[in-house]
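Below: the structure, in C-alpha cells.
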Amino acid sequence: MSITKGYETIVSPLQQSALSKKGLCDYVINVASGCLHGCTFCYVPSTPAIRTKQAELIQRGVTSPQMDWGKYLFIREGIPHKLRDKLSRQRSWRTTPSGKGVVLLCSGTDPYQNREVASITRESIKVLLEYGRRVRILTRSPLWLQDLDILVHPNVTVGMSIPYLDDDLSRQIEPQAPPPSVRYKAVLEGRKAGCRIYIAMAPTPPQMKRVNFKKHFEKILEVNPEVVFWEPINARGTNGKRMLAAGLDFVHSITEQKHWAESFIKQWAELESAANEVGCIEKLHIWPDLDLTNYVSQEILEYWWYKPTPEKWIDDTSIESSSFRPSLSVSC
Ligand code: SF4
C-alpha cells in the first residue's frame, strides 16, 4: 500500500467544536489531515474537513480522498508554536455545561498514530497545560504511554476507542490500527500510572448483543474509567462503501436509514440492560445521532446531547450528574 505523506500549515490550530453535544469538548485541535489508521467506518472523510479540500488533496498526490482514507497523512507541524501564540492573546474561553471548556485532541485524526504526530501532540498538550486548559485525548494507539510524564495530570483525561475486545474482528473493521487487546493493556498501564481514563466503546457493529456488551463492560470496569461513551457503526456516505469494499457484509443490514435506526435503538436498549446488570449505568454516556430524530423521543435525544459527563475537572463545581434519566422509547 503506498502512502502519500507531507506537511501542511493552517491558520488557526484551535477550533471551536460542536462536540459538546457528545460531552467531549468545546474546542478541538487536529494535528494532521488524514489518518494512517484508516478505519473502514471512519466518518471523517465525509466531513467538511476533508470534503472541502478534496481538490487540494488530489493535487498533492492523493488519488481519491474518500476511498483512499488511511493512505495519506499531512502533518501540521507548526501547531504548538501557533497554539502558544493564540493562547497568549485569547481573552475569552467558551465553556458549555456539556463541553466544559475541554480541548480535544483529536476529532479528525489520531493524535498518537505515529511518533512524528505524537511529538506534535505532546508539545501541544504542554502548551495547553501551561495555559491551564482542560485536555482530552482520544486515540487507538498505545503510543501515549510514552507521555505519561505530562498525561498524569488532573486536567488531562486519556480515552481509548475500544468498541470490543476481539482482535480478529478488529482486523476486518480497523485493520491498520493497533488491536484492541493492545489498547486495553495500554489503558490498564496508564491507569496504574495514575492517568485519568475514559473509554469510547465506539463504534460497535450491529452483531454485538447484550451478552457481548456485558462481557465487555466487565473487562472495561477493571480499568475503572470515569466515563464510557457509546455509539454504533453508521453506514452513511463513503464509509459504507469502504466497509463494503473491506468485505463487511453486516453493512447491508444498516444501509437504509430505517434499518440503521432500528438497529441503533435495539443495541442501545441491550447496552443499557447490560450496563444495569453489571452496575455501571452511571458511567455510560450515549452518543445519539442527529438522524434519530424521527425514531427516538426528543426528550431522550436532548437529555444525551446536553448532558455533562460524570467526570469532574479542577474547579468544576457547577457540573452535577442529573438523577433524572428518561427511559428509551420509540417516538413513533
Ligand atoms: S483512528 Fe479515528 S480518525 Fe483515524 S481512521 Fe480511525 S476513526 Fe478515523
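Every number here is computed from the coordinates shown, using simple stated rules; none is lab data. What you are looking at is a predicted structure, and each value in this text was computed from that prediction instead of being measured. Every residue, glycine as well, gets a Cβ built from its backbone with ideal geometry; the counts of neighbours run over all protein chains shown.
Could you list, in sequence order, all residues of region 62-76 that are surrounded by fewer than 17 Cβ atoms within 10 Å (Cβ to Cβ) and not small (G, A, S)?
Result: T63, M67.
So, in region 87-111, how many residues would count as being within 16 Å of the ligand (Cβ to nearest atom) and not hydrophobic (A, V, I, L, M, F, W, C)?
Of the residues in that region, 5 qualify.
When only residues in region 275-301 that are touching a residue at least 24 places away in the same chain (Cβ under 8 Å) and of a type in the set (S, T, N, Q) count, which is nearest to A18 (Cα to Cα)?
If we take residues in region 275-301 being touching a residue at least 24 places away in the same chain (Cβ under 8 Å) and of a type in the set (S, T, N, Q), then Q298 is nearest to A18 (Cα to Cα).
Could you please tell me which pairs satisfy a Cβ distance under 8 Å, a separation of 6+ or placement on different chains, a first residue in region 54-82 that is closer than 20 Å to I29 by Cβ, and a second residue that is away from the ligand (no atom under 16 Å from the Cβ) and assigned to a helix (DSSP H, G or I)?
I79/E123; I79/S124; P80/E123; P80/S124; P80/K126; P80/V127
Looking only at residues in region 153-175 that are touching a strand residue (DSSP E or B) at 6+ places or on another chain (Cβ under 9 Å) and assigned to a loop (DSSP other than H, G, I, E, B), which one is farthest from the ligand (Cβ to nearest atom)?
By that ranking, first place goes to P154.
What are the residues in region 133-152 that are part of a loop (DSSP other than H, G, I, E, B) and among the β-branched types (V, I, T), if any?
V152
Restricting to region 191-210, name every residue that is touching a Pro at 6+ places or on another chain (Cβ under 9 Å) and farther than 27 Å from W69 by Cα.
Matches in region 191-210: R191, R196, I197.
Against the definition (under 21 Å from the mean Cα position of the chain (by Cα), of a type outside the set (A, V, I, L, M, F, W, C), closer than 17 Å to I10 by Cβ and within 12 Å of the ligand (Cβ to nearest atom)), how does T139 come out, yes or no?
Taking the combined requirement at face value, the residue does not satisfy it.
Considering E116, E123, which residue is within 16 Å of the ligand (Cβ to nearest atom) and either over 14 Å from I29 (Cβ atoms) or assigned to a helix (DSSP H, G or I) (or both)?
Going through E116, E123 in turn, just one is within 16 Å of the ligand (Cβ to nearest atom) and either over 14 Å from I29 (Cβ atoms) or assigned to a helix (DSSP H, G or I) (or both): E116.
Under 9 Å by Cβ, and 6 or more places apart or on different chains, what pairs join a residue from region 136-162 that is among the aromatic types (F, W, Y) with one that is part of a helix (DSSP H, G or I) and within 16 Å of the ligand (Cβ to nearest atom)?
From residues that are among the aromatic types (F, W, Y), the pairs are W144/A118; W144/T121; W144/A186.
Inside region 93-128, can you point out the residues that are surrounded by fewer than 24 Cβ atoms within 10 Å (Cβ to Cβ), under 17 Å from the mean Cα position of the chain (by Cα) and among the charged types (D, E, K, R)?
Within region 93-128, just K100 meets the criteria.
If I ask for residues that are free of Cβ contacts under 8 Å to residues at least 60 places away in the same chain and either of a type in the set (D, E, K, R) or crowded, with 20+ Cβ neighbours inside 10 Å (or both), which ones from region 185-196 would you list?
Scanning region 185-196 gives K185, A186, V187, E189, G190, R191, K192, C195.
Can you report the number of residues in region 16-29 which are more than 16 Å from the ligand (Cβ to nearest atom) and either surrounded by fewer than 20 Cβ atoms within 10 Å (Cβ to Cβ) or of a type outside the set (D, E) (or both)?
Qualifying residue count, region 16-29: 6.
Counting only residues that are closer than 18 Å to G6 by Cα and in a loop (DSSP other than H, G, I, E, B), which one in region 30-58 is farthest from the ligand (Cβ to nearest atom)?
K53
Tell me whether region 59-72 contains one or more residues that are assigned to a helix (DSSP H, G or I) and under 21 Å from the mean Cα position of the chain (by Cα).
Checked against the condition, which is being assigned to a helix (DSSP H, G or I) and under 21 Å from the mean Cα position of the chain (by Cα), region 59-72 yields no hits at all.
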